[in-house]
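Novice: Have a look at this one.
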Amino acid sequence: MHPELESALGPLLPDLKTPSGVLPTIVDEGWQQYPATASCWLRGPDETATGVFVQTGRPFTEQVVALADQVQEWAVEALWRLGRSASWPACPYHPDRHPLLAGQRAAQAVWTCPVSDVRVSAIGALADVCLRERQIRRPS
């Protein structure tokens with residue numbers, strides 16, 4: 001796999017491992033033929049695949065955010081096919097209403113609530129948010 005694509009995918013994989021997520025099988029087979037791009041396929045549990053790509057030579061944070069949008073589209077479709085909530089990653093402030101939005105803040109790739117514009121998590125750190133949410137909801 002192209003090193004820039006592998007690097008940009010890195011932070012997204014832990015987020016896909018969260019309880020509301022789904023992990024793809026990554027197929028290292030380039031499909032994008034445009035210059036200065038690197039691509040691969042994400043295959044879901046039902047064997048359907050979606051191509052994702054990054055523009056090479058771009059800043060890392062920009063690559064992560066662009067790839068997060070594509071991975072999010074894949075995850076929503078994969079979760080829907082599994083009969084699960086397709087709101088991924090789920091907004092902790094508005095559960096089952098909408099997914100978070102990938103963006104860039106202060107040179108960091110982040111997930112934000114699209115309603116309140118509140119930064120929820122760095123991309124790659126959703127597991128920490130899920131853990132905090134479980135601890136807050138746990139009866140004392």
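Novice: What residues qualify as long-range amide H neighbours of Gln32, i.e. H under 5 Å apart, gap of 5 or more or another chain, H built at 1.01 Å from N?
Specialist: The list, which skips near neighbours in sequence, is Ser39.
Novice: Please compute P(r) over all alpha-carbon pairs of the range 31-86, binned at 10 Å starting from zero, and give each bin as a whole-number percent.
Specialist: 24, 46, 24, 6
Novice: Could you look at the chain and say what percent of its accessible area is carbon and sulfur, using a 1.4 Å probe and all protein chains?
Specialist: Values: 4090 of 7710 Å².
Heavy-atom surface of the chain belonging to carbon and sulfur, 1.4 Å probe: 53 percent.
Novice: In the chain, once you exclude exposed chymotrypsin sites (Phe, Trp or Tyr not before Pro) (DSSP loop, at most 15 other Cβ within 10 angstrom), what's the longest stretch remaining?
Specialist: Details: sites that count: Trp31, Tyr93.
It runs 32-92.
Novice: Amide H of Val120: which non-local residues (sequence gap of 5 or more, or other chain) have their own amide H closer than 5 Å, using H built in the peptide plane?
Specialist: Under 5 Å from the amide H of Val120 lie the amide H atoms of Trp111, Thr112, Cys113, each far enough along the sequence or on another chain.
Novice: Mind checking the per residue accessible area of the chain for me, 1.4 Å probe, whole number of Å²? Mind showing how you got there, number by number?
Specialist: On the way: 7710 Å² over 140 residues.
On a per-residue basis, the chain sits at 55 Å².
Novice: Modelling each spin label as a point 7 Å along the Cα-to-Cβ direction, I'd like the Asp69/Val27 distance in nm, to one decimal.
Specialist: So the label points at Asp69 and Val27 sit 2.4 nm apart.
Novice: Could you give me the percent of Cα pairs per 5 Å distance bin for the range 10-49, shortest bin first, beginning at zero and ending with the bin that holds the maximum distance?
Specialist: Over the range 10-49, the share of Cα pairs per 5 Å bin runs 6, 21, 22, 23, 17, 8, 3, 0 percent.
Novice: Just to confirm the filter: which GluC sites (Glu not before Pro) across the range 1-97 are DSSP coil and have at most 13 other Cβ within 10 angstrom of their Cβ? Don't skip to the end; give the middle numbers.
Specialist: Numbers: sites: Glu4, Glu6, Glu29, Glu47, Glu62, Glu73, Glu77; in loops: Glu29, Glu47.
Answer in residue order: Glu29, Glu47.
Novice: Two decimals is fine: what's Rg over Rh for the chain, C-alpha atoms, Kirkwood radius as Rh?
Specialist: Details: Rg = 15.2 Å, Rh = 15.5 Å.
Looking at the chain, the ratio lands at 0.98.
Novice: May I ask you to evaluate 6.51 cos²θ - 1.76 cosθ + 1.60, the Karplus curve with θ = phi - 60°, for each residue of the range 37-44 and list the ³J(HN,Hα) values in order in whole Hz, giving x for glycine and proline?
Specialist: 9, 10, 9, 7, 10, 10, 10, x
The values are calculated or read from the model by the stated rules, or taken from the named source; none is laboratory data. Since the structure is predicted, the reported quantities are computational estimates derived from the model, not experimental observations. FYI the Cβ positions are ideal-geometry reconstructions off the backbone, even for glycines, and counts take in every protein chain you see. Protein only, heavy atoms only, side chains kept; ligands, DNA and RNA dropped before computing areas. Shrake-Rupley method; radii C 1.70, N 1.55, O 1.52, S 1.80 Å.
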